[in-house]
1. Which loop GluC sites (Glu not before Pro) in the stretch B:254-359, with loop taken from DSSP, have no more than 12 other Cβ atoms within 10 angstrom of their Cβ?
2. Run the dipole for the stretch A:1-135 about the Cα centre, Lys and Arg Cβ at +1, Asp and Glu Cβ at -1, nothing else charged, and hand back the magnitude in debye, nearest 20.
3. Mind listing which trypsin sites (Lys or Arg not before Pro) in the stretch B:1-108 are in a DSSP loop and have 16 or fewer other Cβ atoms within 10 Å?
4. With a 1.4 Å probe on protein heavy atoms only, work out how much accessible surface A and B bury together, total over both chains, in Å² to the nearest 100.
5. Which percentage, to the nearest 5, of the DSSP beta bridges contained in the protein assembly as shown is antiparallel?
6. B:N83 versus B:L390, label points 7 Å from Cα toward the beta carbon: distance in nm?
7. Just check chain B against the gyration tensor rule for me: Cα atoms, a ≥ b ≥ c as the square roots of the eigenvalues, rounded for a/c under 1.5, and otherwise prolate or oblate depending on whether a/b exceeds b/c.
8. May I ask for the distance between the Cα centers of the stretch B:335-359 and the stretch B:206-240, given as a whole number of Å?
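The values are calculated or read from the model by the stated rules, or taken from the named source; none is laboratory data. As the structure is a computational prediction, the values presented were derived from the model and not from experiment. For neighbour counting, all protein chains shown are included, and Cβ atoms are generated from backbone atoms with ideal geometry for every residue, glycine included. The protein model used for the area step is the full one, side chains on, heavy atoms only, and it has no ligands, DNA or RNA in it. Shrake-Rupley method; radii C 1.70, N 1.55, O 1.52, S 1.80 Å.
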Amino acid sequence: MNKVVSKRQFSENVVGLDIEAPRIAKARKAGHFVMVRVDEKGERIPLTISSADVQRGTITLVIQKVGVTSRKLTALEPGDMVHDLVGPLGHATEVKKYGTVLCCGGGVGVAPLLPIVEAMKAAGNRVISVIAARNKELVILEDQIRAHSDEVLVMTDDGSYGRKGLITEGMESIIEREKIDQAVIIGPGIMMKFASLTTKKHNIPSIASLNTIMVDGTGMCGACRVTVGGKTRFVCVDGPEFDAHEVDFDEMLSRLNGYKDEEQKADQEYSCQVDKK
Amino acid sequence: MDNRADYLKAERSAEWREALRKTMKNKERTAQLRVHMPEAPAQERARSYVEVNSGLTAPIAMKEASRCIDCPDPTCISGCPVNINIPKFVKNIERGEFLEAARTLKETNALPAVCGRVCPQEKQCEANCFYTIKLNAEPVAIGYLERFAADYEQNSGAISIPEVAPANGMKIAVVGSGPAGLAFAGDMAKLGYEVHILEALHEIGGVLKYGIPEFRLPNKMVDVEIESLRKMGVQFETNFIVGKTATIDDLREEGFKGFFVSSGAGLPRFMNIPGENLVGILSSNEYLTRVNLMGASRQGMDTPVMRGKRVAVIGGGNTAMDSVRTALRLGAEKATIIYRRSLEEMPARVEEVKHAQEEGVEFLTLNNPIEYLGDDKGKVKQIRLQKMELGEPDASGRRSPQPVEGSEYLIDADTVVVSVGVSPNPLIPQSLPDLKVSRWGTIEVDPETLQSSIPDIFAGGDIVRGGATVILAMGDGRKAAAGMHQHLQNAR
Ligand SMILES: Cc1cc2nc3c(=O)[nH]c(=O)nc-3n(C[C@H](O)[C@H](O)[C@H](O)COP(=O)(O)OP(=O)(O)OC[C@H]3O[C@@H](n4cnc5c(N)ncnc54)[C@H](O)[C@@H]3O)c2cc1C
Ligand SMILES: Cc1cc2nc3c(=O)[nH]c(=O)nc-3n(C[C@H](O)[C@H](O)[C@H](O)COP(=O)(O)OP(=O)(O)OC[C@H]3O[C@@H](n4cnc5c(N)ncnc54)[C@H](O)[C@@H]3O)c2cc1C
Ligand code: SF4
Ligand code: SF4
Ligand code: FES
């Protein structure tokens with residue numbers, strides 16, 4: 001059991017939780033994730049460690065409500081317990097001095113992007129971040145990203161904040177202007193697909209951090225498999241980061257929808273329960 | 001080995017054994033037919049999670065025990081990987097001393113209630129029974145009797161907790177809580193060590209919990225054993241991945257003096273054929289984990305599972321049988337085993353194949369998938385199968401399957417469970433570059449002591465053997481405990 005010590009509401013659907021996990025706080029690096037089971041009936045879901053405080057012995061998770069488990073998590077309050085938390089999992093991001101790094105985050109993907117932005121900056125890179133969301137309410141962690149970037153470009157689909165347009169448009173405008181040595185792309189599958197196509201067009205080496213469905217997160221089940229460069233890889237143990245230009249995003253997107261019917265049903269049932277309370 | 005033979009002889013000449021042998025003529029003993037295990041009716045059980053085998057009653061167990069002729073040279077024992085004193089426990093059942101029978105089992109087997117249920121007896125103890133080898137008759141039902149005695153003890157509430165030596169102040173870590181780790185922990189606790197079992201998942205038990213279904217091995221049987229270990233002072237920490245949450249080096253710094261790696265063969269294999277990543281195709285590990293560990297089939301649990309109407313399971317081992325029978329219980333209209341050899345070559349326990357057949361599983365043997373076809377949403381729809389025939393026996397004596405040219409055809413399936421084997425869990429080897437591993441990723445150990453190339457690390461079970469059996473894993477755990485104890489005593 002791990003205790004929630006503090007909570008931050010980033011937007012209606014996005015919440016940050018600081019959770020006690022001293023060993024993980026000490027062992028984690030940028031790019032690592034944890035598996036969380038919120039209660040005895042809960043499923044295990046992967047969440048990136050957004051930041052950690054070794055002194056306090058806490059890790060920060062930033063969670064977007066999309067289904068049952070993420071909603072249960074975002075409903076937790078300081079003092080509540082998370083039933084199971086295990087990690088840190090996955091390979092850490094390869095952080096080194098590339099030169100200029102373009103960090104692209106879409107939606108809640110900005111949360112897992114934050115530790116990478118931080119680490120890239122600390123490694124002496126020039127860091128340009130493009131963060132995108134559907135509208136102003138959904139832009140998260142802007143200040144934190146700013147604190148570790150040389151430049152930040154905010155894009156919203158509807159133009160309610162920052163520049164109007166898709167993330168790819170923002171990326172293009174920077175790529176046109178200066179030489180980019182490395183790109184990092186994290187966000188919803190569809191966003192990663194198009195952002196990767198953009199950097200591929202300009203021959204910019206890119207890594208994408210994949211967010212497949214997972215069960216155990218330790219290489220045991222194969223639920224998280226994706227095709228990368230024609231080979232099947234397990235995101236939890238071989239990733240979560242891969243060469244973005246080699247990932248079969250279409251396959252990943254279709255696999256993400258594999259349990260959609262069951263998930264929607266569960267979500268409705270959960271809503272009914274919550275409404276009754 | 002002489003000691004062992006002398007010990008068996010001495011036990012056999014115990015007064016009560018001598019007397020018991022005289023109560024019945026061998027002719028009468030051998031004239032009796034082997035018992036049948038009472039089972040839940042196939043039609044009912046195929047849709048529920050009740051345990052299929054319901055266990056022997058005391059009178060029936062005693063009668064079956066009377067078949068055993070208490071051989072002067074009990075060949076059955078040589079077939080048991082942990083050398084249970086089989087006639088001693090069987091004869092205790094015959095005379096009604098069931099708790100004594102359970103104690104006998106526990107002399108060498110830490111998990112008799114589990115082994116009585118899942119051992120491939122027909123290849124081990126029962127294959128070497130006098131009845132099998134000399135009389136060409138059905139062997140004494142050693143497995144059923146083992147289960148009977150162990151269950152009796154569990155239900156009696158009089159579970160004997162082994163005596164524990166005074167604490168010796170040494171801290172030992174066990175990586176993984178499957179049968180190998182549990183058996184190791186029990187023996188080390190008895191010797192006075194402070195044992196910590198570190199487990200990656202949120203449940204203790206390894207494959208016994210996440211793999212083998214409740215209809216074959218109820219979780220509570222495993223929990224009872226875990227509780228006994230707890231009473232002996234063994235400490236459990238779940239959600240702890242050695243190599244990730246903390247490294248072996250971190251643990252050394254925390255004062256751990258020895259490590260037993262029993263991290264299993266958890267990595268699923270796929271066949272790497274076209275279409276294998278379509279939605280609806282999953283490993284047996286994923287399928288069984290969702291149902292057994294995450295409770296996906298139970299009301300109110302959050303984890304979903306594919307409830308296919310036409311489920312095909314690829315493979316012929318225990319894992320394949322467990323998957324296909326789980327599919328029936330999840331409501332499949334048609335559940336099919338696809339296996340590239342014939343029924344005789346199936347590595348699954350004979351009893352599981354029989355149960356699957358009774359429950360209505362369809363067997364497509366001598367068939368092999370070569371491609372999966374999906375619908376426009378990327379979900380599996382059909383399997384392209386190729387017929388196989390058995391060729392000449394190869395070096396190992398097994399007849400290897402050969403594809404029949406031009407025999408491809410399609411069958412429908414909306415869910416496919418791939419159950420073609422597992423590989424060793426790579427987490428520990430990856431985190432220890434100095435650890436010697438084989439080409440297959442198994443940890444290399446000294447066969448006698450189970451010590452690895454790093455002196456304070458011992459290893460056993462599936463991480464050393466590749467996918468093997470519960471009893472072999474357990475035997476390894478016990479062997480490693482002896483090996484590590486020796487090592488630590490010498491180092492003092
Ligand atoms: C390595 C990794 C790191 C992640 N880090 C974060 C993070 O830091 N913050 C965060 O909010 N989320 C993160 N995710 C995604 C998160 O795990 C999913 O949102 C979560 O599993 C959804 O569970 P649920 O029960 O709430 O929704 P479900 O009921 O399981 O799903 C609801 C809907 O979301 C979709 N969905 C399911 N799983 C995912 C997924 N993995 N990615 C995208 N859509 C999905 C489904 O198609 C469905 O339509 C990460 C995923 C991975 C693999
Ligand atoms: C579905 C199925 C059915 C089977 N049926 C039978 C049967 O009928 N009869 C039979 O004899 N055998 C059967 N087997 C095989 C048998 O279960 C295994 O041989 C046995 O469980 C191996 O035991 P183990 O202790 O080596 O490992 P496991 O039982 O695999 O346990 C290993 C444990 O280690 C944990 N772990 C891994 N890495 C780490 C780490 N880094 N840190 C912490 N923990 C870690 C894992 O989570 C797991 O809990 C079956 C197997 C399966 C999958
Ligand atoms: S442990 Fe297995 S092999 Fe040994 S006697 Fe029992 S059932 Fe037979
Ligand atoms: S070989 Fe068979 S008959 Fe002989 S002691 Fe063993 S179980 Fe009994
Ligand atoms: S989540 Fe199970 S193998 Fe990756």
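1. Loop-located and lightly packed - B:E254, B:E333.
2. 380
3. Of the trypsin sites (Lys or Arg not before Pro), the ones in loops of the stretch B:1-108 whose Cβ has at most 16 other Cβ atoms within 10 Å are B:K25, B:R34, B:R47.
4. Summing both chains' loss of accessible area gives about 3300 Å².
5. Antiparallel: roughly 50 percent of the beta bridges in the protein assembly as shown.
6. 3.5
7. Verdict is oblate for chain B.
8. For the stretch B:335-359 versus the stretch B:206-240, the Cα centre distance is 27 Å.
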